[in-house]
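Asks: Here it is: the structure, laid out below.
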Amino acid sequence: MGMAIKVTKLPNTRSRADWAALISCAWREQLPSIFETGNLLEAAKAELLHGEWELMFKNNEAPFSKRMGNMLIKIADDERLRNGKHASHLPVHWSILHELTKLTAAQFENGIASGAINPNMQRKDVRKLRGIEPKSVKKKAAASAAPQSESKNLVEWIRTIGPQIEFAYRELPEEDKGALLAGLMQTFAILEPSYAE
């Protein structure tokens, strides 16, 4: 028979606010990691012989696509994102950070000042800052237009499963993430050869 382990509840030494601050601090460590990855990619691109950098992605030696690698470099090169005084306002997801690189200086500063740029923001929030019409408005306009073709239905289906794929990716063990990304990129390369670059 197994031995029962008695768990003794410890007295509260930290408040909920203390724990939230500690957890938030640990979570924010992802941001420096994103910058470091972008810096390493840029250094590898500069140091490797012509064609070697691309092979790193084609041979699935990197845990993401070449396109994502270029996005990470762009994030790492953006001085506004690297500015320490903005760190507490930034989301920790690379795709949203990449969207923030597309903001003009004025849009970025207005976003920081208004609180629109915040750790919980989504890509649609960045589009709003850029003055781009929300997708829901575009969908309504498209729905009132001519009936959708099969290809448009496929695109819509891919958009709906995107969040599910992202959730599944986050739940995967690290060693399986590269294989999932490689499989997705292979699938997209079949549909659109420019993804194979």
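The values are calculated or read from the model by the stated rules, or taken from the named source; none is laboratory data. Given the structure is predicted, the values throughout are model-derived calculations rather than measurements. Note that we place each Cβ from the backbone using ideal geometry, even for glycine, and neighbour counts take in every protein chain shown.
Asks: Just checking, how many residues over region 84-124 are under 23 Å from ALA21 (Cα atoms) and surrounded by fewer than 13 Cβ atoms within 10 Å (Cβ to Cβ)? Lay out the reasoning, then the answer.
Replies: So the first thing to find is which residues in region 84-124 are under 23 Å from ALA21 (Cα atoms), and the list is 84-94, 96-97, 112-122.
Now restrict to residues that are surrounded by fewer than 13 Cβ atoms within 10 Å (Cβ to Cβ): 84-85, 88, 113-115, 120.
Qualifying residue count, region 84-124: 7.
Asks: In addition: Quick one: would you say LEU41 is out of contact with any helix residue (DSSP H, G or I) (no Cβ under 8 Å at 6 or more places or on another chain) and either crowded, with 17+ Cβ neighbours inside 10 Å or assigned by TED's automatic domain parsing to the domain that holds ALA116 (or both)? Write out each step before concluding.
Replies: Values: out of contact with any helix residue (DSSP H, G or I) (no Cβ under 8 Å at 6 or more places or on another chain): no; either crowded, with 17+ Cβ neighbours inside 10 Å or assigned by TED's automatic domain parsing to the domain that holds ALA116 (or both): yes.
No.
So that you can scan it fast, the table gives a plain yes or no per residue for (1) assigned to a helix (DSSP H, G or I); (2) at pLDDT 75 or above; (3) under 24 Å from LEU100 (Cα atoms); (4) out of contact with any His (no Cβ under 9 Å at 6 or more places or on another chain):
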{"position": "LYS128", "(1), (2), (3), (4)": "yes, yes, yes, yes"}
{"position": "LYS138", "(1), (2), (3), (4)": "yes, no, yes, yes"}
{"position": "SER151", "(1), (2), (3), (4)": "yes, no, no, yes"}
{"position": "VAL155", "(1), (2), (3), (4)": "yes, no, no, yes"}
{"position": "ILE158", "(1), (2), (3), (4)": "yes, no, yes, yes"}
{"position": "GLY162", "(1), (2), (3), (4)": "yes, no, yes, yes"}
{"position": "PHE167", "(1), (2), (3), (4)": "yes, no, yes, yes"}
{"position": "ALA179", "(1), (2), (3), (4)": "yes, yes, no, yes"}
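Asks: Looking at region 1-119, what helices (runs of 4 or more DSSP H) fall wholly within it and have at least 1 residues that are under 16 Å from the mean Cα position of the chain (by Cα) and modelled with pLDDT of 95 or more?
Replies: In region 1-119, 66-77, 79-82, 94-100 are the helices (runs of 4 or more DSSP H) which contain 1 or more residues that are under 16 Å from the mean Cα position of the chain (by Cα) and modelled with pLDDT of 95 or more.
Asks: Now, a different point. Given the conditions (1) closer than 21 Å to GLU166 by Cα; (2) crowded, with 17+ Cβ neighbours inside 10 Å, report the number of the one that GLU29 does not fulfil.
Replies: Failing condition for GLU29: (2).
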